[in-house]
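Chemist: For reference, the structure I am asking about is given below.
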Amino acid sequence: MKQAYRVTMNACFMGYVTQAIVNNFAPLLFVTFKTSYGIDIRQITLLITINFIVQLIIDLLSAKFVDKLGYRFCAIAAHVCAAAGLIMMAIAPLITKNVFAGLAAAVVVYAVGGGLIEVIVSPIIEACPTKNKERTMSVLHSFYCWGYMGVVLISTAFFALFGIEKWFIMACVWAVVPIVNIVLFSVAPIYSLSDGGVKGKGINKLLREGSFWLFMLMMLCAGAAEQTVTQWASAFAEQSLGVGKVLGDLLGPMTFALAMGAARLIFGLFGGKIKLNVFMRVSCALCGASYLCLSLTAAPAAGLAGCALCGFSVGIMWPGTYSKAASYIKGGGTTLFALLALGGDIGCTVGPGLAGAVSDMTGGNLKAGILAAAVFPAVMLVCCVIMCKMTGGKRDDSVGARAADEDNAA
(Lines give C-alpha, C1' and ligand atoms only; values in the text may rest on other atoms or scores of the structure.)
Protein backbone atom coordinates (compact mmCIF):
# COMPACT_ATOMS: atom_id res chain seq x y z
CA MET A 1 0.00 0.00 0.00
CA LYS A 2 2.75 2.44 0.92
CA GLN A 3 4.60 1.66 -2.30
CA ALA A 4 1.42 2.36 -4.29
CA TYR A 5 1.01 5.70 -2.58
CA ARG A 6 4.61 6.53 -3.38
CA VAL A 7 3.68 6.51 -7.09
CA THR A 8 0.77 8.85 -6.35
CA MET A 9 2.97 11.20 -4.36
CA ASN A 10 5.68 11.20 -7.04
CA ALA A 11 3.07 12.11 -9.66
CA CYS A 12 1.89 14.98 -7.45
CA PHE A 13 5.47 16.16 -6.93
CA MET A 14 5.98 16.13 -10.70
CA GLY A 15 2.70 18.00 -11.06
CA TYR A 16 4.16 20.92 -9.15
CA VAL A 17 7.32 20.73 -11.27
CA THR A 18 5.04 21.06 -14.30
CA GLN A 19 3.32 24.07 -12.77
CA ALA A 20 6.72 25.64 -12.10
CA ILE A 21 7.56 25.23 -15.78
CA VAL A 22 4.38 26.85 -17.10
CA ASN A 23 4.60 29.73 -14.62
CA ASN A 24 8.32 30.49 -14.81
CA PHE A 25 9.75 29.58 -18.21
CA ALA A 26 8.19 32.53 -20.07
CA PRO A 27 9.44 35.16 -17.56
CA LEU A 28 13.01 34.17 -18.44
CA LEU A 29 12.22 35.37 -21.97
CA PHE A 30 10.56 38.71 -21.20
CA VAL A 31 13.58 40.76 -22.25
CA THR A 32 13.99 38.58 -25.35
CA PHE A 33 10.32 39.03 -26.28
CA LYS A 34 10.81 42.78 -25.92
CA THR A 35 13.98 43.03 -28.02
CA SER A 36 13.27 40.34 -30.64
CA TYR A 37 9.52 40.72 -31.22
CA GLY A 38 8.83 44.30 -30.12
CA ILE A 39 6.56 43.27 -27.26
CA ASP A 40 6.44 46.16 -24.79
CA ILE A 41 6.18 46.04 -21.01
CA ARG A 42 2.40 46.49 -21.08
CA GLN A 43 2.00 43.42 -23.30
CA ILE A 44 4.41 41.46 -21.10
CA THR A 45 2.36 42.43 -18.06
CA LEU A 46 -0.73 41.29 -19.98
CA LEU A 47 0.84 37.85 -20.59
CA ILE A 48 1.37 37.48 -16.84
CA THR A 49 -2.18 38.63 -16.19
CA ILE A 50 -3.68 36.27 -18.79
CA ASN A 51 -1.84 33.32 -17.25
CA PHE A 52 -3.17 33.84 -13.78
CA ILE A 53 -6.65 35.06 -14.78
CA VAL A 54 -7.18 31.85 -16.75
CA GLN A 55 -5.89 29.86 -13.79
CA LEU A 56 -8.25 31.59 -11.38
CA ILE A 57 -11.20 30.98 -13.76
CA ILE A 58 -10.28 27.29 -13.77
CA ASP A 59 -10.04 27.41 -9.97
CA LEU A 60 -13.56 28.82 -9.75
CA LEU A 61 -15.11 26.42 -12.24
CA SER A 62 -13.32 23.36 -10.87
CA ALA A 63 -15.16 23.66 -7.55
CA LYS A 64 -18.15 22.36 -9.52
CA PHE A 65 -16.67 19.86 -11.98
CA VAL A 66 -13.58 18.20 -10.44
CA ASP A 67 -15.49 15.83 -8.14
CA LYS A 68 -17.85 14.92 -11.00
CA LEU A 69 -15.11 14.21 -13.54
CA GLY A 70 -12.73 12.62 -11.06
CA TYR A 71 -9.19 13.47 -9.98
CA ARG A 72 -7.53 11.14 -12.48
CA PHE A 73 -9.30 12.59 -15.52
CA CYS A 74 -8.59 16.15 -14.41
CA ALA A 75 -4.93 15.39 -13.62
CA ILE A 76 -4.35 13.91 -17.05
CA ALA A 77 -6.24 16.73 -18.79
CA ALA A 78 -4.17 19.29 -16.87
CA HIS A 79 -0.90 17.84 -18.11
CA VAL A 80 -2.17 17.53 -21.68
CA CYS A 81 -2.94 21.26 -21.63
CA ALA A 82 0.43 22.11 -20.07
CA ALA A 83 2.33 20.18 -22.76
CA ALA A 84 0.20 21.57 -25.59
CA GLY A 85 0.63 25.15 -24.37
CA LEU A 86 4.41 24.89 -24.19
CA ILE A 87 4.57 23.48 -27.71
CA MET A 88 2.22 26.21 -28.96
CA MET A 89 4.48 28.86 -27.42
CA ALA A 90 7.47 27.36 -29.25
CA ILE A 91 5.82 27.46 -32.67
CA ALA A 92 3.88 30.75 -32.28
CA PRO A 93 6.63 33.00 -33.73
CA LEU A 94 7.03 30.59 -36.65
CA ILE A 95 3.40 30.38 -37.76
CA THR A 96 1.90 33.79 -36.99
CA LYS A 97 2.80 37.36 -37.88
CA ASN A 98 1.28 38.62 -34.64
CA VAL A 99 3.70 37.00 -32.20
CA PHE A 100 2.01 38.48 -29.16
CA ALA A 101 -1.35 36.93 -30.13
CA GLY A 102 0.31 33.56 -30.64
CA LEU A 103 2.08 33.74 -27.29
CA ALA A 104 -1.15 34.81 -25.58
CA ALA A 105 -3.01 31.81 -27.05
CA ALA A 106 -0.28 29.48 -25.80
CA VAL A 107 -0.45 31.06 -22.35
CA VAL A 108 -4.22 30.45 -22.23
CA VAL A 109 -3.78 26.75 -23.00
CA TYR A 110 -1.02 26.01 -20.53
CA ALA A 111 -2.70 28.19 -17.90
CA VAL A 112 -5.68 25.82 -18.02
CA GLY A 113 -3.27 23.03 -17.12
CA GLY A 114 -1.61 25.08 -14.39
CA GLY A 115 -4.96 25.96 -12.85
CA LEU A 116 -6.12 22.35 -12.76
CA ILE A 117 -2.83 21.19 -11.28
CA GLU A 118 -3.12 23.71 -8.46
CA VAL A 119 -6.65 22.55 -7.66
CA ILE A 120 -6.21 18.78 -7.72
CA VAL A 121 -2.67 18.00 -6.57
CA SER A 122 -3.00 19.28 -3.00
CA PRO A 123 -6.26 17.44 -2.24
CA ILE A 124 -4.84 14.24 -3.77
CA ILE A 125 -1.92 14.49 -1.33
CA GLU A 126 -4.28 15.41 1.51
CA ALA A 127 -6.38 12.32 0.77
CA CYS A 128 -3.42 9.93 0.88
CA PRO A 129 -3.28 8.01 4.20
CA THR A 130 0.03 9.54 5.31
CA LYS A 131 1.18 10.95 8.62
CA ASN A 132 1.92 14.62 9.31
CA LYS A 133 -0.29 16.30 6.72
CA GLU A 134 1.18 19.78 7.25
CA ARG A 135 4.73 18.55 6.69
CA THR A 136 3.77 16.49 3.63
CA MET A 137 1.99 19.50 2.16
CA SER A 138 5.09 21.63 2.68
CA VAL A 139 7.32 19.04 1.00
CA LEU A 140 4.85 18.85 -1.91
CA HIS A 141 5.01 22.61 -2.45
CA SER A 142 8.81 22.54 -2.22
CA PHE A 143 8.81 20.68 -5.54
CA TYR A 144 7.44 23.82 -7.16
CA CYS A 145 10.67 25.48 -6.05
CA TRP A 146 12.90 22.64 -7.25
CA GLY A 147 11.06 22.74 -10.56
CA TYR A 148 11.57 26.50 -10.69
CA MET A 149 15.29 26.03 -10.07
CA GLY A 150 15.47 23.37 -12.75
CA VAL A 151 13.75 25.67 -15.23
CA VAL A 152 16.23 28.46 -14.54
CA LEU A 153 19.38 26.30 -14.41
CA ILE A 154 18.71 24.11 -17.42
CA SER A 155 17.23 26.91 -19.53
CA THR A 156 20.10 29.26 -18.73
CA ALA A 157 22.66 26.58 -19.57
CA PHE A 158 20.87 25.92 -22.85
CA PHE A 159 20.75 29.62 -23.72
CA ALA A 160 24.45 30.01 -22.92
CA LEU A 161 25.40 27.04 -25.10
CA PHE A 162 23.07 27.47 -28.06
CA GLY A 163 21.90 31.08 -27.86
CA ILE A 164 18.76 32.70 -26.54
CA GLU A 165 17.34 32.79 -30.08
CA LYS A 166 16.85 28.98 -29.81
CA TRP A 167 14.50 29.34 -26.86
CA PHE A 168 11.66 27.62 -28.74
CA ILE A 169 13.61 24.34 -28.66
CA MET A 170 13.84 24.57 -24.87
CA ALA A 171 10.08 25.10 -24.70
CA CYS A 172 9.56 21.78 -26.47
CA VAL A 173 12.03 20.06 -24.15
CA TRP A 174 10.08 21.27 -21.12
CA ALA A 175 6.88 19.88 -22.66
CA VAL A 176 8.31 16.39 -22.10
CA VAL A 177 7.81 16.72 -18.31
CA PRO A 178 3.99 16.93 -18.37
CA ILE A 179 3.90 14.24 -21.06
CA VAL A 180 5.76 11.84 -18.76
CA ASN A 181 3.49 12.75 -15.85
CA ILE A 182 0.43 11.84 -17.92
CA VAL A 183 1.70 8.26 -17.76
CA LEU A 184 2.26 8.43 -13.99
CA PHE A 185 -1.23 9.75 -13.28
CA SER A 186 -2.66 7.06 -15.57
CA VAL A 187 -1.37 4.25 -13.33
CA ALA A 188 -1.17 5.82 -9.85
CA PRO A 189 -3.87 4.97 -7.28
CA ILE A 190 -6.02 8.05 -6.68
CA TYR A 191 -8.15 8.73 -3.61
CA SER A 192 -10.33 11.78 -3.06
CA LEU A 193 -11.32 13.69 0.06
CA SER A 194 -14.94 12.61 -0.45
CA ASP A 195 -14.14 8.90 -0.25
CA GLY A 196 -16.00 6.95 2.41
CA GLY A 197 -19.35 8.62 1.76
CA VAL A 198 -18.38 11.90 3.43
CA LYS A 199 -19.72 14.78 1.37
CA GLY A 200 -17.73 17.97 1.45
CA LYS A 201 -19.21 21.39 2.10
CA GLY A 202 -20.67 23.21 -0.85
CA ILE A 203 -19.66 26.67 -2.01
CA ASN A 204 -22.60 28.37 -0.31
CA LYS A 205 -21.74 26.93 3.10
CA LEU A 206 -18.09 27.91 2.78
CA LEU A 207 -18.95 31.45 1.72
CA ARG A 208 -20.97 31.90 4.90
CA GLU A 209 -18.01 31.09 7.15
CA GLY A 210 -15.98 34.08 8.34
CA SER A 211 -12.84 31.99 8.76
CA PHE A 212 -13.02 31.01 5.09
CA TRP A 213 -12.72 34.65 4.00
CA LEU A 214 -9.71 35.13 6.26
CA PHE A 215 -7.96 32.18 4.62
CA MET A 216 -8.94 33.50 1.17
CA LEU A 217 -7.34 36.86 1.94
CA MET A 218 -4.24 35.05 3.20
CA MET A 219 -4.03 33.05 -0.04
CA LEU A 220 -4.39 36.25 -2.07
CA CYS A 221 -1.54 37.89 -0.16
CA ALA A 222 0.59 34.72 -0.34
CA GLY A 223 0.20 34.50 -4.12
CA ALA A 224 0.85 38.22 -4.61
CA ALA A 225 3.91 38.29 -2.32
CA GLU A 226 5.42 35.29 -4.09
CA GLN A 227 4.67 36.00 -7.72
CA THR A 228 5.45 39.73 -7.69
CA VAL A 229 9.12 38.94 -7.22
CA THR A 230 9.05 35.62 -9.12
CA GLN A 231 7.64 37.10 -12.31
CA TRP A 232 9.91 40.13 -12.35
CA ALA A 233 13.09 38.69 -10.79
CA SER A 234 14.95 38.08 -14.05
CA ALA A 235 14.06 41.47 -15.57
CA PHE A 236 14.74 43.17 -12.22
CA ALA A 237 18.23 41.66 -11.99
CA GLU A 238 19.05 42.64 -15.57
CA GLN A 239 17.63 46.16 -15.62
CA SER A 240 17.72 47.41 -12.03
CA LEU A 241 20.85 45.67 -10.77
CA GLY A 242 22.81 46.00 -13.99
CA VAL A 243 23.86 42.37 -14.43
CA GLY A 244 23.80 40.34 -17.66
CA LYS A 245 21.17 37.84 -18.83
CA VAL A 246 22.91 34.73 -17.48
CA LEU A 247 23.77 36.27 -14.12
CA GLY A 248 20.33 37.85 -13.98
CA ASP A 249 18.63 34.45 -14.30
CA LEU A 250 21.03 32.62 -12.00
CA LEU A 251 21.25 35.20 -9.24
CA GLY A 252 17.69 36.50 -9.39
CA PRO A 253 15.17 33.66 -9.90
CA MET A 254 17.66 30.99 -8.77
CA THR A 255 18.37 32.47 -5.36
CA PHE A 256 14.65 33.12 -4.90
CA ALA A 257 13.67 29.54 -5.76
CA LEU A 258 16.45 27.95 -3.71
CA ALA A 259 15.51 29.93 -0.62
CA MET A 260 11.78 29.28 -1.08
CA GLY A 261 12.36 25.55 -1.50
CA ALA A 262 14.64 25.50 1.53
CA ALA A 263 11.94 27.06 3.72
CA ARG A 264 9.36 24.50 2.61
CA LEU A 265 11.76 21.59 2.97
CA ILE A 266 12.87 22.73 6.43
CA PHE A 267 9.29 22.72 7.63
CA GLY A 268 8.66 19.41 5.86
CA LEU A 269 11.58 17.78 7.66
CA PHE A 270 11.42 19.50 11.04
CA GLY A 271 7.80 20.65 11.20
CA GLY A 272 7.24 18.57 14.31
CA LYS A 273 9.56 20.92 16.21
CA ILE A 274 8.38 24.17 14.61
CA LYS A 275 5.07 25.91 15.34
CA LEU A 276 3.45 26.72 12.02
CA ASN A 277 1.77 29.88 13.35
CA VAL A 278 5.09 31.28 14.55
CA PHE A 279 6.89 30.29 11.36
CA MET A 280 4.28 32.07 9.23
CA ARG A 281 4.31 35.30 11.27
CA VAL A 282 8.11 35.54 11.24
CA SER A 283 8.09 34.82 7.51
CA CYS A 284 5.64 37.68 6.87
CA ALA A 285 7.87 40.13 8.73
CA LEU A 286 10.94 38.94 6.79
CA CYS A 287 9.01 39.25 3.52
CA GLY A 288 8.21 42.89 4.21
CA ALA A 289 11.87 43.55 4.96
CA SER A 290 12.91 41.84 1.71
CA TYR A 291 10.56 44.02 -0.34
CA LEU A 292 12.08 47.13 1.18
CA CYS A 293 15.56 45.76 0.47
CA LEU A 294 14.68 45.07 -3.17
CA SER A 295 13.02 48.41 -3.80
CA LEU A 296 15.24 50.80 -1.87
CA THR A 297 18.75 49.40 -2.38
CA ALA A 298 21.15 50.63 -5.03
CA ALA A 299 23.72 47.87 -4.47
CA PRO A 300 23.39 44.74 -6.67
CA ALA A 301 24.54 42.45 -3.84
CA ALA A 302 21.91 43.83 -1.46
CA GLY A 303 19.22 43.50 -4.13
CA LEU A 304 20.09 39.88 -4.81
CA ALA A 305 20.16 39.20 -1.06
CA GLY A 306 16.66 40.66 -1.00
CA CYS A 307 15.60 38.11 -3.67
CA ALA A 308 16.88 35.27 -1.50
CA LEU A 309 15.27 36.62 1.66
CA CYS A 310 11.98 37.08 -0.17
CA GLY A 311 12.10 33.52 -1.47
CA PHE A 312 12.69 32.09 2.01
CA SER A 313 10.02 34.26 3.59
CA VAL A 314 7.22 33.40 1.14
CA GLY A 315 8.04 29.70 1.19
CA ILE A 316 5.62 28.71 3.96
CA MET A 317 2.81 31.15 3.14
CA TRP A 318 0.96 29.15 0.47
CA PRO A 319 1.28 25.58 1.88
CA GLY A 320 0.91 26.86 5.44
CA THR A 321 -2.39 28.54 4.61
CA TYR A 322 -3.59 25.38 2.87
CA SER A 323 -2.77 23.27 5.93
CA LYS A 324 -4.33 25.66 8.44
CA ALA A 325 -7.51 25.98 6.36
CA ALA A 326 -7.83 22.22 5.85
CA SER A 327 -7.50 21.54 9.59
CA TYR A 328 -9.69 24.43 10.79
CA ILE A 329 -12.55 24.24 8.24
CA LYS A 330 -13.89 20.71 8.59
CA GLY A 331 -15.45 19.05 5.57
CA GLY A 332 -14.18 21.63 3.10
CA GLY A 333 -13.17 18.93 0.63
CA THR A 334 -12.19 19.66 -2.94
CA THR A 335 -14.32 22.81 -2.99
CA LEU A 336 -12.22 24.38 -0.25
CA PHE A 337 -8.97 23.65 -2.09
CA ALA A 338 -10.41 24.95 -5.36
CA LEU A 339 -11.53 28.23 -3.79
CA LEU A 340 -8.25 28.66 -1.91
CA ALA A 341 -6.40 28.13 -5.19
CA LEU A 342 -8.70 30.78 -6.66
CA GLY A 343 -7.67 33.21 -3.92
CA GLY A 344 -4.01 32.41 -4.47
CA ASP A 345 -4.24 32.91 -8.22
CA ILE A 346 -6.07 36.21 -7.75
CA GLY A 347 -3.03 37.26 -5.76
CA CYS A 348 -0.72 35.90 -8.44
CA THR A 349 -2.53 38.17 -10.90
CA VAL A 350 -2.87 41.25 -8.74
CA GLY A 351 0.68 41.28 -7.35
CA PRO A 352 2.71 41.24 -10.60
CA GLY A 353 0.01 43.34 -12.28
CA LEU A 354 0.32 46.05 -9.63
CA ALA A 355 4.12 45.98 -9.84
CA GLY A 356 3.99 46.20 -13.64
CA ALA A 357 1.44 49.03 -13.64
CA VAL A 358 3.36 51.13 -11.12
CA SER A 359 6.59 50.41 -12.99
CA ASP A 360 5.01 51.55 -16.25
CA MET A 361 3.67 54.75 -14.64
CA THR A 362 7.14 55.56 -13.28
CA GLY A 363 8.94 55.14 -16.59
CA GLY A 364 9.80 51.44 -16.31
CA ASN A 365 11.10 51.68 -12.72
CA LEU A 366 10.67 48.11 -11.40
CA LYS A 367 11.85 49.14 -7.93
CA ALA A 368 8.85 51.43 -7.58
CA GLY A 369 6.56 48.60 -8.64
CA ILE A 370 8.01 46.20 -6.09
CA LEU A 371 7.77 48.83 -3.35
CA ALA A 372 4.06 49.27 -4.08
CA ALA A 373 3.54 45.51 -3.78
CA ALA A 374 5.00 45.55 -0.23
CA VAL A 375 1.42 46.02 0.93
CA PHE A 376 0.80 42.28 0.47
CA PRO A 377 3.24 40.88 3.07
CA ALA A 378 2.02 43.59 5.47
CA VAL A 379 -1.61 42.47 5.12
CA MET A 380 -0.52 38.84 5.32
CA LEU A 381 1.13 39.50 8.69
CA VAL A 382 -2.06 41.04 10.08
CA CYS A 383 -4.05 38.03 8.84
CA CYS A 384 -1.60 35.60 10.46
CA VAL A 385 -1.99 37.36 13.81
CA ILE A 386 -5.79 37.12 13.52
CA MET A 387 -5.54 33.46 12.47
CA CYS A 388 -3.35 32.66 15.47
CA LYS A 389 -5.92 34.17 17.84
CA MET A 390 -8.76 32.43 16.01
CA THR A 391 -7.16 28.98 16.23
CA GLY A 392 -5.79 29.51 19.73
CA GLY A 393 -2.24 28.98 18.48
CA LYS A 394 -2.89 25.26 18.31
CA ARG A 395 -2.25 22.91 15.43
CA ASP A 396 -5.07 20.50 14.69
CA ASP A 397 -3.56 17.03 14.41
CA SER A 398 -6.82 15.14 14.06
CA VAL A 399 -6.44 14.76 10.31
CA GLY A 400 -2.91 13.48 10.65
CA ALA A 401 -3.91 11.12 13.44
CA ARG A 402 -6.75 9.71 11.36
CA ALA A 403 -4.43 9.22 8.40
CA ALA A 404 -1.89 7.47 10.62
CA ASP A 405 -4.57 5.06 11.81
CA GLU A 406 -5.56 4.36 8.22
CA ASP A 407 -1.93 3.84 7.26
CA ASN A 408 -1.38 1.39 10.10
CA ALA A 409 -4.57 -0.45 9.22
CA ALA A 410 -3.42 -0.75 5.61
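Chemist: Which whole-Hz couplings ³J(HN,Hα) result when phi for each residue of the stretch 333-342 is put into the Karplus expression 6.51 cos²θ - 1.76 cosθ + 1.60, θ = phi - 60°, listed in order with x for Gly and Pro?
Modeler: Those phi angles translate into x, 4, 4, 4, 5, 5, 6, 5, 4, 4 Hz.
Chemist: Apply the Karplus curve 6.51 cos²θ - 1.76 cosθ + 1.60, θ = phi - 60°, to the phi angles in the stretch 163-171 and return the couplings in whole Hz, x for Gly and Pro.
Modeler: Coupling constants for the stretch 163-171: x, 5, 5, 9, 4, 5, 5, 5, 4 Hz.
Chemist: Taking only the Cα atoms of the stretch 151-192, how large is their convex hull per residue, in Å³?
Modeler: That works out to 83 Å³ per residue.
Chemist: Right, another one. Which whole-number percentage describes the relative contact order of the stretch 23-145, with Cα contacts under 8 Å and a sequence gap of 6 or more?
Modeler: Contact order relative to length: 29 percent.
Chemist: Binning at 10 Å from 0, report for the stretch 71-182 what percent of all alpha-carbon pair distances ends up in each bin.
Modeler: 13, 37, 33, 13, 4, 0
Chemist: So, one more: In square angstrom, what is the accessible area per residue of the chain with a 1.4 angstrom probe? Working shown, then result.
Modeler: Numbers: 15190 Å² over 410 residues.
Counting only protein heavy atoms, the per-residue value for the chain is 37 Å².
Chemist: Expressed as a fraction of 2.2 N^0.38 Å, the rule-of-thumb size for a compact globular protein of N residues, what is the C-alpha radius of gyration of the stretch 1-138? Provide the component values of the computation, followed by the final result.
Modeler: On the way: Rg = 16.8 Å, N = 138, 2.2 N^0.38 = 14.3 Å.
In units of the globular-protein estimate, the stretch 1-138 measures up at 1.18.
Chemist: Then there is this: Which order do the peptides 69-77, 38-46, 156-164 come out in when sorted by mean C-beta neighbours inside 10 angstrom, highest first?
Modeler: Highest to lowest by the protection proxy: 69-77, 38-46, 156-164.
Chemist: Another question, then. Report, to the nearest 10°, how far helix 398-409 tilts away from the longest principal axis of the Cα atoms in the chain, using its own Cα long axis and a range of 0 to 90°.
Modeler: That helix lies at roughly 70 degrees to the long axis.
Chemist: So for the chain, averaging the separation of alpha carbon pairs under 8 Å that are six or more residues apart and normalising by length, what relative contact order in percent results?
Modeler: Computed value for the chain: 26 percent relative contact order.
Chemist: Would you compute, from DSSP H runs of 4+ residues alone, the mean residue ellipticity of the chain at 222 nm, taking -39500 (n - 2.57) per run and dividing by the full residue count, rounded to the nearest 500?
Modeler: Details: 18 runs with 338 residues, N = 410.
Roughly -28000 deg cm²/dmol at 222 nm, from the helical runs in the chain.
Chemist: Shape of the stretch 51-123 from its Cα gyration tensor (a ≥ b ≥ c, root eigenvalues): rounded if a/c is under 1.5, otherwise prolate when a/b > b/c, or oblate?
Modeler: Prolate, since a/c reaches 1.5 and a/b exceeds b/c.
Chemist: Here is a follow-up. Between Arg6 and Lys34, what is the label-point separation in nm under the 7 Å Cα-to-beta-carbon projection?
Modeler: Here the answer is 4.7 nm between the modelled labels.
Chemist: I've got another one for you. Using 0.36 nm per residue, how much length does the chain from Lys275 to Arg42 gain when fully extended, once their Cα-Cα distance is taken away?
Modeler: Between Lys275 and Arg42, full extension yields 79.7 nm more.
Chemist: May I pose another question? Please report, in Å, the Rg and the Dmax of the stretch 293-384, where both are computed over Cα atoms only.
Modeler: 15.8, 50
Chemist: Which entries of Lys131/Lys330; Lys205/Lys324; Lys68/Lys275; Lys133/Lys389 have Cα-Cα distances beyond 29 Å here?
Modeler: The pairs that break the limit, which is 29 Å between Cα atoms, are Lys68/Lys275.
Chemist: When all alpha-carbon pairs of the stretch 253-334 are counted, what percent fall beyond 20 Å?
Modeler: Numbers: 1278 of 3321 pairs.
Percent of Cα pairs beyond 20 Å in the stretch 253-334: 38.
Chemist: Mind checking the angle between helix 41-69 and the chain's longest principal axis? C-alpha axes, 0 to 90 degrees, to the nearest 10.
Modeler: With rounding to tens, the tilt is 20 degrees.
Chemist: Separate question: How much length is gained if the chain between Lys97 and Ala298 is pulled fully straight, taking 0.36 nm per residue apart and subtracting their Cα-Cα distance, in nm to one decimal?
Modeler: Residue separation times 0.36 nm, minus the Cα-Cα distance, leaves 68.4 nm.
Chemist: Tell me the carbon and sulfur percent of the accessible area for the chain, rounded to whole percent, probe radius 1.4 Å. Write out the running numbers ahead of the final one.
Modeler: Numbers: 10460 of 15190 Å².
Roughly 69 percent, rounded to a whole number.
Chemist: Along each principal axis of its Cα atoms, how long is the chain end to end? Whole angstroms, biggest number first, please.
Modeler: Principal extents (Cα only, largest first): 58, 42, 36 Å.
Chemist: Right, here's the next one. Applying a 10 Å radius around every beta-carbon, put 270-278, 348-356 in order of their mean neighbour count, most first.
Modeler: 348-356, 270-278
The values are calculated or read from the model by the stated rules, or taken from the named source; none is laboratory data. None of these values were measured; they are calculated from a predicted model. So basically every Cβ, Gly included, is an ideal-geometry build from the backbone, and we count neighbours across all protein chains shown. For the accessible areas, the whole protein counts, side chains as well, though only heavy atoms, and no ligand, DNA or RNA atoms are used. Shrake-Rupley method; radii C 1.70, N 1.55, O 1.52, S 1.80 Å.
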